[in-house]
Amino acid sequence: MWLHWLGPLLGLAFLAGLVSAAVLLRLGKVHGRRRILATAALPFGCLAVPLLGLSILAVAG
């Protein structure tokens, strides 16, 4: 299976989550310990979405 696009896609998803977390921190929307942890986990959550979609497609196909 030709998956040369998977690495850049995952990198782009991680960077999008990282930028979103940085914007939230810069705007001052993060207050409290729980929100700080959620903001730190945001890039990894964005990374998990394409992997989850790929897993579902692999199981369904």
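With the requirement that a residue be free of Cβ contacts under 8 Å to residues at least 12 places away in the same chain, in a helix (DSSP H, G or I) and open to solvent by less than 100 Å² (accessible area, probe 1.4 Å), what does region 1-12 give you?
Let us first name the residues in region 1-12 that are free of Cβ contacts under 8 Å to residues at least 12 places away in the same chain, namely 1-5, 7-8, 11-12.
Among the residues that remain, those that are also in a helix (DSSP H, G or I) are: 7-8, 11-12.
Residues satisfying the conditions are 7, 8, 11.
May I ask you to list the residues in region 41-61 that are free of Cβ contacts under 8 Å to residues at least 24 places away in the same chain, open to solvent by 70 Å² or more (accessible area, probe 1.4 Å) and among the aliphatic types (A, V, I, L, M)?
Going through region 41-61, the residues free of Cβ contacts under 8 Å to residues at least 24 places away in the same chain turn out to be 41, 48, 52-53, 55-61.
If we keep only those that are open to solvent by 70 Å² or more (accessible area, probe 1.4 Å) too, we end up with 52, 56-61.
Selection gives 52, 56, 57, 58, 59, 60.
Determine which single condition residue 38 fails, assuming it passes every other condition in (1) open to solvent by 100 Å² or more (accessible area, probe 1.4 Å); (2) free of Cβ contacts under 8 Å to residues at least 12 places away in the same chain.
(1)
Please count how many residues of region 13-34 are surrounded by fewer than 13 Cβ atoms within 10 Å (Cβ to Cβ) and of a type outside the set (Gly, Ala, Ser). Give the steps one after another, and end with the answer.
Of the residues in region 13-34, the ones surrounded by fewer than 13 Cβ atoms within 10 Å (Cβ to Cβ) are 23, 26-29, 31-34.
Next cut, of a type outside the set (Gly, Ala, Ser) only: 23, 26-27, 29, 31, 33-34.
Result for region 13-34: 7.
Listed here are the residues, each with its yes/no results for (1) closer than 30 Å to residue 61 by Cα; (2) at pLDDT 90 or above; (3) under 11 Å from the mean Cα position of the chain (by Cα).
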position: 7; (1), (2), (3): yes, no, no
position: 11; (1), (2), (3): yes, no, yes
position: 16; (1), (2), (3): yes, yes, yes
position: 20; (1), (2), (3): no, yes, yes
position: 23; (1), (2), (3): no, yes, no
position: 27; (1), (2), (3): no, yes, no
position: 34; (1), (2), (3): no, yes, no
position: 43; (1), (2), (3): yes, yes, yes
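The values are calculated or read from the model by the stated rules, or taken from the named source; none is laboratory data. Note that the structure is a prediction, hence the values are computed from the model and not measured. Cβ coordinates were reconstructed from backbone atoms using ideal geometry, including for glycine residues, and neighbour counts include every protein chain displayed. The area values use the complete protein model at the heavy-atom level, side chains included, leaving out ligands, DNA and RNA. Shrake-Rupley method; radii C 1.70, N 1.55, O 1.52, S 1.80 Å.
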